[in-house]
1. Looking at the range 264-291, which of the residues that are open to solvent by 30 Å² or more (accessible area, probe 1.4 Å), within 13 Å of LEU604 (Cβ to Cβ) and not aliphatic (A, V, I, L, M) is nearest to the chain's Cα centre (by Cα)?
2. Take the residues in the range 7-62 that are of a type in the set (S, T, N, Q) and open to solvent by less than 30 Å² (accessible area, probe 1.4 Å), then tell me which one is modelled with the highest pLDDT.
3. Could you please tell me which pairs satisfy a Cβ distance under 6 Å, a separation of 6+ or placement on different chains, a first residue in the range 369-388 that is outside any helix (DSSP H, G or I), and a second residue that is surrounded by 13 or more Cβ atoms within 10 Å (Cβ to Cβ)?
4. Residues being closer than 23 Å to THR477 by Cβ and surrounded by fewer than 16 Cβ atoms within 10 Å (Cβ to Cβ): count how many of those fall in the range 403-431.
5. For the range 314-339, how many residues meet the condition of being in contact with a Leu (Cβ under 7 Å, 6 or more places away or on another chain) and of a type outside the set (D, E, K, R)?
6. Within the range 184-193, can one find any residue that is open to solvent by 20 Å² or more (accessible area, probe 1.4 Å), among the aliphatic types (A, V, I, L, M) and within 20 Å of SER103 (Cβ to Cβ)?
7. Given the condition in contact (Cβ under 8 Å) with a residue 12 or more places away in the chain and under 30 Å from LEU193 (Cα atoms), answer yes or no: does some residue in the range 577-600 qualify?
8. Restricting attention to the range 125-157, which residues are open to solvent by less than 30 Å² (accessible area, probe 1.4 Å) and hydrophobic (A, V, I, L, M, F, W, C)?
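The values are calculated or read from the model by the stated rules, or taken from the named source; none is laboratory data. Model, not experiment: these values are computed from the prediction. Cβ sites come from the backbone with ideal geometry, for glycine too, and all protein chains shown count toward neighbours. Remember, those area values only see protein heavy atoms, side chains included, never the ligands or the DNA or RNA. Shrake-Rupley method; radii C 1.70, N 1.55, O 1.52, S 1.80 Å.
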Amino acid sequence: MKITFGNVLLAAVLALSFSQAVSAATIIKDKKWALEDYTTAAQPRNLCIAWTYLTKGNTIYRLELHRVKNENTLTEVQLRQTGPGENSLAWQMRVDDSTDVLSLGLRGQEADAKFFWPVPRTELLVAALANGKDINVVSKGGNKEVAFEFEADGFAKVWAQMQSHCSGSQQINNADFEREFMAKSQRSVDPLLLTTPVVNALKAAHVEGYQIFLQKLAKAEELKALRAQFQGQLTELDGLLALVQQITGRDLPALRKEQSDNETLNANSERELASVIASIPGLQDQVERALEVLNAAQQVIAPYLNDHENLSDAVRAARSSLRNAEARLSQINSSISQNQSALQNLEWELQRVERDLSDARSRLTWAQQEYNQADWDYRRFNAAQEERQRLQNNFQYQNAKNQLQSSQSELSRAQMEQNRASNDYNRALGALRQCQSTAGADCSSQQNQVSAAQNALQMANSAVQNLNSQIRQHQNTISHIESQVRSEVRQIENRLRDRWDRARRELDQLNSIISRSEQRSRDIRMFEIPNRRSELDRLSREASATQSEISSAQVRLRQTERDLEAFEARVGWDAKKASLDNAQEDHDNKTAALSRAQNRKAALEATIANCARERTRIAAAIAEKTDLLNRSNARVGALRVELQPYEQQKAKLELDAQAIQASLNLVIDRFDASLPR
């Protein structure tokens, strides 16, 4: 394999995997993840490692992403196991809620540390962690299965810092390379088949493939730079070729079709114009002959026109008079029907009002009695007297008052006893102090008297307290009963007031109903029904008069129609009128035919003139497009000569790119063949 600077840096990554003789500067720590910038003796501060770890028993498991700083190299993934780890031989990684599995085989070990490398799917792992998905890890082989989970919490910030701190101007992922390199190797691999020789062979092919992939990218950049060098001529050539295609494929064919259509239209219009011009004299002769016939028919009927018009006017006047009278009669009958309906409604309303009035009057007596009784009960009710009466009749209340008086009397006696005991205590205490002031005096008797007086005072104080408590209890009982009685009396008073208010409202409502019903009954009887009947009488008289008018109009109409029919029969009006109508229709038809021919002649002449203008415009457009086509073809030829160096270099670069792709395909095939089946 060709040795490059990238291989040297990658060797540093591999050396770091097996050596701890390095120092690191922590760039960022966030939750479960950290980023460190490493220094090695060979390459100072040349490596970034993003990592997370966990401990199970006496073994540390650390997931690492390695990146050579500021170089276009792979981002490497490895699992570092420090400790026995149940002697695991291989591992599998699975992303949360995914069926994708990464198999990891042993790449090497140093002291108690083992290093496992995955079948390269770095972009799958990075994408999962960046999306917050945890990585499930399970051991294969070994004493027993070990399972744990690397959490994604904190990875996104660490990965972003790794991109900005470690990649320089290079993109920090292997996605494009791995999509192409792993296209044939998507199958799952049994991790136990990934022995150290197999892993190292796969890794060598992977590294070699990436170097070739970089050559492929570089060759693509050369092609891009070459095109940029000749971009002006290429853009101009593409534009000219598109223009030539547009002129030859669309513009000129469209203009020639337009020219052919215009010539066809002009020829057809000239032929039709000649035919129309030839037909016009004959049409003019026909119009003149039809006019002669029309004039003759008009002369025949002219002596009778005035008399016929007068008789026809008389018929129309009689018919109009009859229609007007019939319309008035229809309106009168409609008004009669409406008034009859209104009268019937008034009679029904009167019956209902009188029923309501009778019902209200019958209820009024009871309502008045109820109101009088409610008013009497409410007015004679004395709340204060009722309270006193109820309290006098309440045994518990009277008993509490008696006990209160008794307790108050006892309290007076107890307070007197308390004062006496207090005085005795003070005298005994004074005697004790006087005795104690005498040196060597025996004061036991005075001390006993003080104790006895103190006990008596305490008993007196306790008696006063007990009596005060009894008095408060009796007072509370009295207050509670008085409050309860007041509440009961208020409820009675409220019920009486509510009853009085309901009775008053019912009485007012009935009086109002009676007043309204009496007024409405008077209005219907005295005004509305008489007015409706009067209106019906008037309409009936008007209907009779109108019916007479209709009969007279019918007689006049029949007479005028007979006069007109007799006149028409006497002068032969129908034959003369039919002859005139036929002559008029024939003249109108001939005149319309002549007018159509003249209009068509004018339209055809305008079409022929427009065809001449279009012929000139189309010819000029064809000449313009042809000239533009010739100039464009000439410039295309010149540009092709100018672009010969571009085409030659492009062909060489494309051959080189094909050779690089072939080399990459061979490495891909070797990698795929090295994968265990």
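1. ASN268
2. THR52
3. Sorted first by the residue in the range 369-388, then by its partner, the pairs are PHE381/LEU496.
4. 7
5. Going through the range 314-339 one residue at a time, the tally reaches 7.
6. Within the range 184-193, one or more residues are open to solvent by 20 Å² or more (accessible area, probe 1.4 Å), among the aliphatic types (A, V, I, L, M) and within 20 Å of SER103 (Cβ to Cβ).
7. No.
8. LEU125, VAL126, ALA128, LEU129, ILE135, VAL137, VAL146, PHE148, PHE150, ALA152, PHE155 - these are the residues of the range 125-157 that are open to solvent by less than 30 Å² (accessible area, probe 1.4 Å) and hydrophobic (A, V, I, L, M, F, W, C).
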